[in-house]
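One structure is given below, encoded as structure tokens.
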Amino acid sequence: MKHKLLSILAISLSLLACNSDKNVKSMSEETKVTIAPISSEDPHSYAKPNDVVVKHLDWTANVDFDSSRISATARWTIENKTGAKEVYFDTRGLLIDYVTIGNNDEFTTFRLEPEVMYVGQKLIVDITPKTDVVRIYYRTTEKSDALQWLTKEQTADKTHPFLFTQSQAILARTWIPCQDSPGIRFTYNARVKVPNSMMALMSAYNPTDTMPNGTYDFQMEYPIPSYLLALSVGNIQYQSVGRNTGIYAEPSMLAKSVAEFEDMQEMVDSAEALYGAYRWGNYDVLVLPPSFPFGGMENPRLTFATPTILAGDKSLTSLIAHELAHSWSGNLVTNYNWNDFWLNEGFTVYFENRIMEQVYGADYANMLALISYQDLQAELDDFGMESPKTKLKLDLAGQDPDEGMTSIAYDKGFYFLKLIEYTVGRENFDQFLKTYFNTYAFKSMTTEGFVDYINAELLSKNEEWASAINLDEWIYSPGLPANCPKIQSDRFEKVEGELQKWKKGSAASSLASANWSTHEWLHFLRNLPSKMSMEQMEELDKAFGFIKSGNSEILAAWFVKVIPNNYKVAKPAINDFLVKIGRRKFLTPIYKALIAADPSKITARGIYEKARPNYHAVAQQTMDDLLDWNKN
Ligand code: BES
Ligand code: ZN
């Protein structure tokens, strides 16, 4: 071998750098510093894309369920813009075995810097000004927080284990060393080996059949940011539901999922009619086991979804409209860094609402908009109107970008865009949005860039618009501006009328609730008095069967209402729910209610002890903080 000396040097350096599971653990425990790193471009990435930037990834991986480990090679094609002698990658919880450069796979030296809280370790690889390929040979560890390895028992069918990833916001670096910033895009190919008889899926062109030899090839030919890298492995089957739409799920979940999402093709067609062509080929949904920490994740071509939206009556499918909408707002035009998160989520909630209006009517969309308003009000109450957390444009340097995932980005963002729509008129706004998505397709956008663009392309057309809206107040000031639109829902007003009757003594069974949808029930539940007697709770449960509901939204809303009123009957159901379901949006309010009812936290921690092993790392992180889990 030509480069023996160099290779010995590289290997010993890599050993020094950090080369065992043990080292990774102790390193992250010892050196948790909370200083903000690094690049002025993105406070959550070590990459310096103005010097050296990645262009394409070839990922070769072996997924081993016995050791809960992925062993892989990330072959990055890079562009060295400045003749730099180093390239920087983001990593966290990875074991780097060695690194080579060039097409001949020549060993090179590399260093891993000490772990910094949230952002992980900077990987510095020595290159030459001519280097265009860097190969990183590595393995994941139990610190690879994106990955959740499920046992058979944690799946629906209980026949095979399961693996899924969650990369957003900055967890891609825990399973692939990468330039983990939403402002950097690359194409990718992958070859993934999994156990025979299991299926592998990625955010890419996907198989529809299981490969007998367990080897899968993937291609994502459009440039994507790293947070959209995704992988799932399990006993999974596929069924088409339309021209370019389909469902993946465990065999026992497939028929139910297909029935629930039967309107998916109509959603795609409506979205295209609104804002232009769907640019990613197929749109499929993968229904995951219930520990998935989010409602949905917009992985390109393949939305990952929680099974808790399978209500049996299609009533929770606005979540699909939401993830689909990200195919434009987020995946096509991407927030530049996590301080601009509202550009992803605010636009997507707006777009989701427009799809739902198109498919199910204005009545329905208005209910969703009001639910969004209630969520926003609750968040504003919680943070306080002066809190910087209530600004659309955030400053998350030194913090976990997860902190930005609040109702502000989603619902304040939504109401801001509604205001623009009402001010300039729907036709003008739609035209503007369509052009915006087209102009910036496969690019990133900063908040400031958006402000410049809308001023130039839309608001300049009428002198009164800019002052009627006041972009700056909405984006850069805390709280909720006085010009926030008021949305009205006749259907919710009817619910409020029935609720009043009950409060004044009418029997629950006499209320005119026969045709209520999930959203009307949620409105009813959210507005129940905070103090209720045992008799009242029993009466409601007897009349409406909340505790037996198969609808996770209704169950969670009911639990939050009855926990403070010590409704003992609900205890086993609450227990089962928290042990089975790992969706953070439900866990947080339920655990908070348990803590409020028992501030010693003994009750909540008792349940958490059993439930925690079923939660994904991002949900564990939030609940650990809430329950002081690692603090004693
Ligand atoms: N992209 C988000 C999920 C996300 C955001 C994960 C930030 C990690 C960090 C996804 O599109 C989303 O918003 N999901 C929501 C659903 C929705 C209908 C509001 C969820 O999971 O609750
Ligand atoms: Zn979203």
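The values are calculated or read from the model by the stated rules, or taken from the named source; none is laboratory data. What you see is a predicted model; the values in this text were computed from it and never measured. Neighbour counts run over all protein chains shown; Cβ positions are idealised from the backbone, glycine included. Remember, those area values only see protein heavy atoms, side chains included, never the ligands or the DNA or RNA. Shrake-Rupley method; radii C 1.70, N 1.55, O 1.52, S 1.80 Å.
Given the pairs LYS130/LYS193; LYS55/LYS412; LYS48/LYS443; LYS393/LYS631, which span a C-alpha to C-alpha distance of over 29 angstrom in this model? Listed pairs above 29 Å: LYS130/LYS193; LYS55/LYS412; LYS393/LYS631. Calculated accessible area for region 83-122 comes out at 35 Å² per residue, all protein chains present (probe 1.4 Å; ligands, DNA, RNA ignored). About its Cα centre, region 514-605 has a charge dipole of approximately 480 debye under the convention of +1 per Lys or Arg Cβ and -1 per Asp or Glu Cβ, with nothing else charged.
With the convex hull drawn over the C-alpha atoms of region 228-351, the volume per residue is 103 Å³.
Taking the empirical scaling 2.2 N^0.38 Å for compact globular proteins as reference, the chain has a Cα radius of gyration ratio of 0.98.
Take every Cα pair under 8 Å whose residues are at least 6 apart in sequence, average their separation, divide by the length of the chain, and the relative contact order is 10 percent. Report note on the peptides 503-516, 265-278: ranked by the mean count of other C-beta atoms within 10 Å, highest first, their order is 265-278, 503-516. The alpha-carbon of LYS256 sits under 17 angstrom from the alpha-carbons of these aspartates and glutamates, leaving out residues fewer than 8 places away in its chain: ASP157, ASP284, ASP313.
Length gained on full extension, ALA466 to LYS548: 24.4 nm, using 0.36 nm per residue less the C-alpha separation. Only DSSP H runs of four or more residues enter the estimate; each adds -39500 (n - 2.57), and after division by the residues of the chain the mean residue ellipticity at 222 nm equals -11500 deg cm²/dmol.
Computed over protein heavy atoms with a 1.4 Å probe, the accessible surface of region 516-631 works out to 44 Å² per residue.
Backbone geometry of region 312-317 corresponds, through the Karplus equation with coefficients 6.51, -1.76 and 1.60 at θ = phi - 60°, to 3J(HN,Hα) couplings of x, 10, 6, 7, 10, 7 Hz, x marking Gly and Pro. Quick one: Cα centre-to-centre distance for region 578-595 and region 131-168, in angstrom? Their Cα centres are 24 Å away from one another. Taking the Kirkwood radius as Rh and the Cα radius of gyration as Rg, region 243-476 has a ratio of Rg/Rh equal to 0.96.
A straight Cα-to-Cα reach below 16 Å connects LYS158 with the lysines LYS580, residues fewer than 8 places away in its own chain not being considered. Backbone phi angles across region 89-105, fed through the Karplus curve with coefficients 6.51, -1.76 and 1.60 (θ = phi - 60°), yield HN-Hα couplings of 10, 9, 9, 7, x, 10, 9, 8, 7, 7, 9, 10, 10, x, 6, 8, 6 Hz in residue order; Gly and Pro are listed as x.
Rounded to the nearest angstrom and listed largest first, the equivalent-ellipsoid semi-axes of region 516-631 from its Cα gyration tensor are 25, 15, 12. Computed from backbone phi, the HN-Hα couplings of region 451-460 come to 4, 4, 5, 6, 4, 6, 8, 10, 5, 5 Hz, rounded to whole numbers (Karplus: 6.51 cos²θ - 1.76 cosθ + 1.60, θ = phi - 60°; Gly and Pro given as x). Only aspartates and glutamates eight or more places from LYS592 in sequence, or on another chain, were considered; those with a Cα closer than 18 Å are ASP375, GLU379, ASP381, ASP382, GLU403, GLU553, ASP576, GLU609, ASP624, ASP625, ASP628. Using heavy atoms of the protein chains and a probe of 1.4 Å, the accessible area assigned to THR435 is about 60 Å².
Amide H to amide H, with H built 1.01 Å from N, LEU231 comes under 5 Å of THR165, counting only residues 5 or more places away or on other chains. Taking all protein chains as they are arranged and a probe of 1.4 Å, the heavy atoms of ASP64 leave approximately 50 Å² accessible to solvent.
Centre-to-centre, using Cα atoms only, region 310-354 and region 172-248 are separated by 20 Å. Rounded to the nearest 10 degrees, the angle from helix 584-597 to the longest Cα principal axis of the chain is 60 degrees. With a threshold of 24 Å on the Cα-Cα distance, the over-threshold entries among LYS143/LYS389; LYS122/LYS389; LYS143/LYS610; LYS85/LYS143; LYS314/LYS548 are LYS143/LYS389; LYS122/LYS389; LYS85/LYS143.
For ASP97, the residues whose amide H sits under 5 Å from its own are TYR137, TYR138, ARG139, ignoring neighbours fewer than 5 places away on the same chain, with H placed 1.01 Å from N.
Here's how it looks for ASN299: its modeled amide H is under 5 Å from those of PHE304, which are all 5 or more places away or on a different chain. Taking the protein heavy atoms of the chain in the context of the full set of protein chains, the accessible area attributed to carbon and sulfur is 50 percent at 1.4 Å.
Which whole-number percent gives the relative contact order of region 292-335, counting Cα pairs below 8 Å spaced six or more residues apart? The value is 36 percent.
What region 243-476 shows is 32 Å² of accessible area per residue, with the surface traced by a 1.4 Å probe over protein heavy atoms.
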